[in-house]
Structure formats: structure tokens, C-alpha cells
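Trainee: Here's a structure for you.
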Amino acid sequence: MSGDDRQTTEVILGEERVFRPLPETVVEANVSPIEYEEAMRKGQEDFVSFWEEAAKELEWYKPWDKVLDESDAPFYKWFVGAQCNIVHNALDRHVKSFRKNKVAIIWQGEPLKDIKKLTYYELYRRVNKFANVLNSLGVKKGDRVAIYLPNIPEIAIAMLACAKIGAVHTVVYAGFSAAALRERVNDAKAKIIVTSDGLYRNGKIINLKNVVDEAMLECSSVENVIVVKRTGEEIDMSDGRYLWFHELMDAASDECETEVMDAEDMLFILYTSGTTGKPKGVVHVHGGYMVGIHRTLKWVFDLKETDIYWCAADPGWITGHSYIVYGPLIAGATTLMYEGHPLYPKANRMWKIVEDFGVTILYTAPTTIRMLMRYGSAIPKKHNLSSLRLLGTVGEPINPEAWMWYYQNIGQERCPIMDTWWQTETGAFMITPLPVSLLKPGSATRPFPGIHADVVDQKGTPVSEGKGGFLVIKKPWPSMLRTLYRDPERYKQVYWEKIPGNVYCSGDVARKDEDGYFWIQSRADDVINIAGHRIGTAEVESAIVSYKAVAEAACIGVPDPIKGEVAKVFVILKEGHEPSEELDKAIRQHVRKELGPIVIIKSIEFVDSLPKTRSGKIMRRVLKAKEMGVDPGDLTTLAD
Ligand code: WT7
């Protein structure tokens, strides 16, 4: 079917836009509409056997005695008594199959000429070598290894090598400061740091080793620092604790036994920010985690042997752990890693990568989509994007305008968009469509089969349709966090004691519509209350960015003597627009039209940039502190 005679799948139901899957999407999908509904039913009736069946798709050294142990809730245990290793499923089993010589990782460095492809067999042997390196440096089962590396194949090699020998990795995003790295390394008491001389970002070389040096001034647990040569810049390696990765690898054997792990043994710690300054060490384990990420990836991104799958995140975030490294490799897929900036050297870089490698599945963040949108649709039009068949987003609610732009200009109205809601803590997708789902732009649709999500009030009572409330998960799931590292009390308090009824509290605010579709509004702490109306800052922002002259917006609540709180917004205009009183008025009118008169805007400030985390989330807390003239607190996650 050509683009011209293709029927649109868009239907307008009442006020709402709904997108039905195209017939060819339904035919292709791993899970048909009937199988999906059947799984939804089964997942609600008996989630334990739903996940047991998912676990049977993977290989285990010894099967479980019990699928779920709830006796020490909320410290749930999954696949009790089973033995496994996630690396056995991600590598060992593939090298004994037809996938042995299949490309596992395609790596594109930021400099255009830097491309590497590793087959499953090559990756397997490199992982074995690095596992032996770690062994030879005295790393034992249960020891922690900090990984502070850019988006290069060695980050996957280091993670897999740790898991292979039963060590616990804690990846620290390579954009973090020395202070943030040190805090995480010390909390985990890591024995080794794996880093690189540097990385390429937006055309510049950034020296990472200097950052590690600074962190190392107060990292008493660290015995060795292993340095990958990435940029080749001159660095000082005179400190005897520092060792070159390539020299160690050259000397190591490429055979290594995979450690037999208990299903509940720790796989990694990943630090994430909480409401207090101290980061939370989210703990994931081998067994349940591999089951959750494998089932969700196979079903949501519909992986096929022939796919070139690109998750444009960084391995330093949970997205990268679950859906760049472990998930795709367990599924035997080809996963693409891109080292650099999405705008380098030009705004077409992402589309060039899609075209160059024939990417079939693209998974990125709304903030990236909005940024690329600013450069207009003429840029993607110049590229052949016909290989794409599925798109995804994650990280924040996607405003319908960005959704439509992505759908029309990148997916060319052929590719369904998987808006996946999940968290570092959940390990895997929780609320998400499947390719065969009916899509509503801006909604992450329904819970994945086996996931019991709901929207409740402070007392734990479900709220009625259309009303905002706390997004909770009412039953455990296999890829859930097990605890916060060395802080089980905080784990209980933060996630399980905020709302009565033994439910997991996500910290997000959402509403459910009449079809049971979830609309994530924002974090609970990003909610403003204007005269008793609970309004998500993200909702206001979405309304504002749907105005034609606006590129980006951030909204905070500021105190008001009568209304309690009112909104203050910060706006970045698109190129060719200048701040003016007319524009100020027009934006206010637009918000009133989109959200009604309950959203009262105190003022609009036109700005050139917004404070963001390195993962692209707007730090409203910083804007608010500035506005109120108070100390903004911990700024280690700020990008600029
Ligand atoms: C928070 C989790 C999970 C990978 C990346 C972020 C927000 C995430 C969505 C989505 C609306 C989303 C939530 C969540 N979020 N995905 N599809 N729609 N909001 O991981 O840093 O642990 O952040 O990101 O607020 O709680 P994270």
C-alpha cells in the first residue's frame, strides 16, 4: 500500500482521538488482539500463573519450588528455590544456537566514522574475558563494581561480565559529577570502578578520568580503576591502582564459567533521586527481573529475529539496563547503541542513524521528540524512514502534539507508538500498549497483562473515572525492586506505607478514563492545587506547548493568598517568535481554552533555557526555589 491510498486509522470518538492498528500491524504482531485480551483476563484472574508461564520461556539451571513468596511482604520473593543467571539467557544459550553469528550490538559513536558491530559470539567472548579480569582482581560473588562509562559497547560488556560472575554492578551515568559518583560508589562500597579516558559529546571530548580522580579522593572501598581507551587523549596512568582495560583484556582467557545464582540474588543497584537529597539504591535481582523485561519487550516491541532495535537512551538509566542491554540480548535481538548527542553534527542525526542501519523499532523520550520538532518536519522528510515499524516513548507524559508529530513525521502514519509508563523501581514496562492496542495520544493506555494498577485516594479507595489520584500497583510483579540497598526501612516507608492496603505507591498522579485507559499526569510532588483543583504541572505544560509559537514550557505552583496556589510558567519560544504582550495574552487564552478557567496563571516568563536533569526531565524544584528565593538543594543531577 502506498502512502497516498492508505486509509487513516484515526477515528474521533466524542472529543477524543483514537488510533486503531493498521491491518498489517495486526497480522505481524507476536500477540494478536484475541491473545492480548485473553492475557489481560488471565493476568487479572491469576497473575502468578501468568508470570510463571512467562518464566518458562527462559532457561533455568534449576526450576522454582514456588513462584511467589509473600510471607515477608513487602519483601516479596519470586521463583523461590530456582537457580539461574541472566547472562546464561542473554549470551550463553545464544552462542549454542543459530544466533551465534548474529549481530548482537551495533554501535555508532558520535564521530560518524566510529561504527562497531559485535556478534553474539564476539560479545560472549569479550564478556568472558572481562569476567576473568574481574575475577583476577579479586572480585567475588556479591561484590559491587561501579561502572562509569559512556554509551560504548564496553558498558554492556562490563555489566554482563559482573552478572556472569555474580558481582553486583552499579552503573553511574557518565554525565554525573564527581560528587555524585563518589556518593554512589561509597554507598555501594564498590571495589572497582570501570571508566574510560573520556567520551564524545556534541563534538567535544569530555575527560571522564579526571572526574574519577576527583571522586577517588574519598572512595576508600575502591581498590582498582579500570580505564577503557575511548578518545585516546593523553591521561595520567601513573597511579598504581589504575589499569588499562585493553591490556587486561589481552591477557585474559576467553572462557569463563557462568556463576550459578539464586533467582533472588542481587543483579544490580541503580541509584535514583528521591524527594530527599540522598539517592535511593534500587535493588534488582537475576530471576524475576529477566522474566519481566523479556516478556514485556517481546510483547510490547514485538521483537522479531530481523529487527534492528534502537533504544536511544543511555545504559546509565534503567531504560538502558532493561531495554538496551539485558532485554534485547535475552530476546536474541540486534540492539543499537548511539554514543552521542541527538543534534550532532546536525539536527538530522537520529534520522540518519535510522536510515543508515535500517532501524525498525525506535524508542526515545518525549523531551527528545519536542527538541527535534523545533527543527521542523523538513529534516526527517529528507531521510528514508521506511524501515521503521514501531515507535516508543518513555520518561514523562507525552503531550498529544508531540505524539502527533512523531506519529506523522517519523512513523509516517504507519507505526504505532508504544507510550510505556514504568520506573527505575518497576524494572519493566507497567502501563503500556501493545502494537495491536487502540491508541489515544497522551495515554500510556492499559496495564500490561499481570499488572494490577489502579488510581486511588489518600486512603487507598479507588477514585471514580476521570478523577485524579495516586497511581498504585496492587499486586507484586517479578521485575519489581526488592529493597533499597542497605535501607530496607526506607523501602517500606517510601513505597508501601504511604497509602493503606499493602499497595505499591508509584509517587505518580494519574487518572483513568471510561475505557480503563491511564493518563499519567505527573509526579505527586509536581502537583499544584489551585483553589482545591488538583492540576498536574505537566498538564499545564502540555497545554502551553500545544500553542504554535511555543517550543518548551515548565510550570510550577506559587503561593497565592486566595487560591492557595497558582501557576507560574516559563516558556521557550520557537525560532522566529519574540516575547510580547500579545503573545503572553494569547498563551493565557490558549490555556484557558485547553484546560478551562480553573488553571490560573500568575505570570509567564519567557526564557532561553530550562534547568533539566541529564535525562531530560525539567527540574521544577530548581525553578521553584529560585522563584521563592530559597536554596535549591542538591543540584548533582542538573545537566548545565
Ligand atoms: C518516572 C520514573 C522508566 C524509564 C525512565 C524514567 C515518569 C516514565 C512515563 C510515561 C508518563 C512517565 C513517571 C515515573 N514516566 N514513563 N510513559 N508517561 N510518565 O525512569 O527516572 O525512574 O522515572 O518517570 O513520573 O514515575 P525514572
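All of the numbers you see were taken from the coordinates with simple rules; none came from a lab. None of the values given here were measured: they were computed from a predicted structure. Note that each Cβ is placed from the backbone with ideal geometry, even for glycine, and that neighbours are counted across all protein chains shown.
Trainee: Hey, what did the chain get for relative contact order, percent, Cα under 8 Å, at least 6 apart?
Mentor: Taking the mean separation of contacting Cα pairs over the length of the chain, I get 12 percent.
Trainee: Find how many whole Å separate the alpha carbon centroid of the range 47-66 from the alpha carbon centroid of the range 181-223.
Mentor: If you average the Cα positions of each part, the centres end up 38 Å apart.
Trainee: Considering Cα pairs under 8 angstrom that are at least six residues apart, work out the relative contact order of the range 338-455 and quote it in whole percent.
Mentor: After rounding, I find 20 percent.
Trainee: Along the charge dipole of the chain, which of Gly166, Asn135, Leu149 sits closest to the positive end, that is, farthest toward it, with unit charges on the beta carbon of Lys, Arg, Asp and Glu (+1, +1, -1, -1)?
Mentor: The residue sitting farthest along the positive end of the dipole is Leu149.
Trainee: Tell me the mean residue ellipticity at 222 nm calculated for the chain from its helices only (DSSP H runs of n ≥ 4, each -39500 (n - 2.57), averaged over every residue, nearest 500).
Mentor: Details: 18 runs with 166 residues, N = 640.
For the chain, the value works out to -7500 deg cm²/dmol.
Trainee: Next up: Let me know the volume per residue of the alpha-carbon convex hull for the range 526-628, in Å³.
Mentor: That works out to 98 Å³ per residue.
Trainee: Now a separate question. To check my understanding: the extent here is largest minus smallest coordinate of the Cα atoms along each principal axis. What are those three numbers for the range 401-558, in Å, largest first?
Mentor: Cα spread of the range 401-558 along its principal axes, largest to smallest: 47, 40, 33 Å.
Trainee: Moving to a separate point now. May I ask you to sort Thr170, Thr461 by Cβ crowding, counting other Cβ atoms within 10 Å and putting the fewest first?
Mentor: Taking fewest neighbouring Cβ atoms as first place, the list is Thr461, Thr170.
Trainee: Run the reach check for Lys56 against lysines, Cα to Cα strictly under 27 Å, same-chain hits fewer than 8 apart removed. What comes back?
Mentor: Reachable lysines: Lys42, Lys66, Lys77, Lys96, Lys100, Lys102, Lys141, Lys164, Lys298, Lys304, Lys474, Lys475.
Trainee: Right, here's the next one. Please compute the Kirkwood hydrodynamic radius over the range 122-268, one decimal place, Å, based on all pairs of different Cα atoms. Each step should come with its number before you reach the end.
Mentor: Values: mean 1/r = 0.0657 Å⁻¹.
Kirkwood hydrodynamic radius for the range 122-268: 15.2 Å.
Trainee: Using θ = phi - 60° and the Karplus relation 6.51 cos²θ - 1.76 cosθ + 1.60, list the HN-Hα couplings for the range 400-406 in order, rounded to whole Hz, with x at every Gly or Pro.
Mentor: x, 5, 5, 4, 5, 5, 4
Trainee: Diagonalise the Cα gyration tensor of the range 265-347 and give the resulting equivalent ellipsoid semi-axes, square root of 5 times each eigenvalue, largest first, whole Å.
Mentor: 24, 21, 9
Trainee: Then there's this: Would you grab the residues whose amide H sits under 5 Å from the one on Lys77? Only those 5+ places off in sequence or on another chain, please, with H modelled 1.01 Å from N.
Mentor: Amide H neighbours of Lys77, under 5 Å, 5+ apart: Asp69.
Trainee: Quote the relative contact order of the range 278-366 in percent (integer), defining contacts as alpha-carbon pairs under 8 Å separated by 6+ residues.
Mentor: 34
Trainee: With equal scatterers on the alpha carbons only and no solvent term, can you work out the Debye log10 of I(q)/I(0) for the chain at 0.05, 0.07 1/Å?
Mentor: -0.21, -0.43
Trainee: Rounded to whole Hz and in sequence order, give me ³J(HN,Hα) for the range 37-51 from the Karplus expression 6.51 cos²θ - 1.76 cosθ + 1.60, θ = phi - 60°, writing x for Gly and Pro.
Mentor: Running phi through 6.51 cos²θ - 1.76 cosθ + 1.60 with θ = phi - 60° gives 4, 5, 5, 4, 5, 4, x, 7, 6, 8, 5, 5, 6, 4, 6 Hz.
Trainee: For the range 526-616, state which GluC sites (Glu not before Pro) are in a DSSP loop and have at most 14 other beta carbons lying within 10 Å of their beta carbon.
Mentor: Filter output for the range 526-616: Glu575.
Trainee: Rank the residues Thr258, Thr537 as a footprinting-exposure proxy: fewest other Cβ atoms within 10 Å of their Cβ go first.
Mentor: If I rank by nearby Cβ atoms, fewest first, I get Thr258, Thr537.
Trainee: Karplus couplings for the range 222-237 from phi (6.51 cos²θ - 1.76 cosθ + 1.60, θ = phi - 60°), rounded to Hz, Gly and Pro as x?
Mentor: 7, 9, 9, 10, 9, 10, 7, 7, 10, 9, x, 5, 5, 10, 8, 10
Trainee: Continuing with this model, one more query. Taking the number of other C-beta atoms within 10 Å as the exposure measure, put Ile308, Ile193 in order starting with the fewest. Don't skip to the end; give the middle numbers.
Mentor: Working: Ile308 19, Ile193 27.
By the 10 Å Cβ count, ascending: Ile308, Ile193.
Trainee: Going by amide H atoms built from the backbone, whose H comes under 5 Å of the H on Ile530, apart from near neighbours?
Mentor: Under 5 Å from the amide H of Ile530 lie the amide H atoms of Ile535, each far enough along the sequence or on another chain.
Trainee: May I pose another question? Could you tell me which chymotrypsin sites (Phe, Trp or Tyr not before Pro) in the range 61-100 are loop residues by DSSP with no more than 16 other beta carbons within 10 angstrom of their beta carbon?
Mentor: Tyr61, Phe75
Trainee: Given H placed 1.01 Å from N in the peptide plane, which residues other than close sequence neighbours of Val550 have an amide H under 5 Å from its amide H?
Mentor: Lys574
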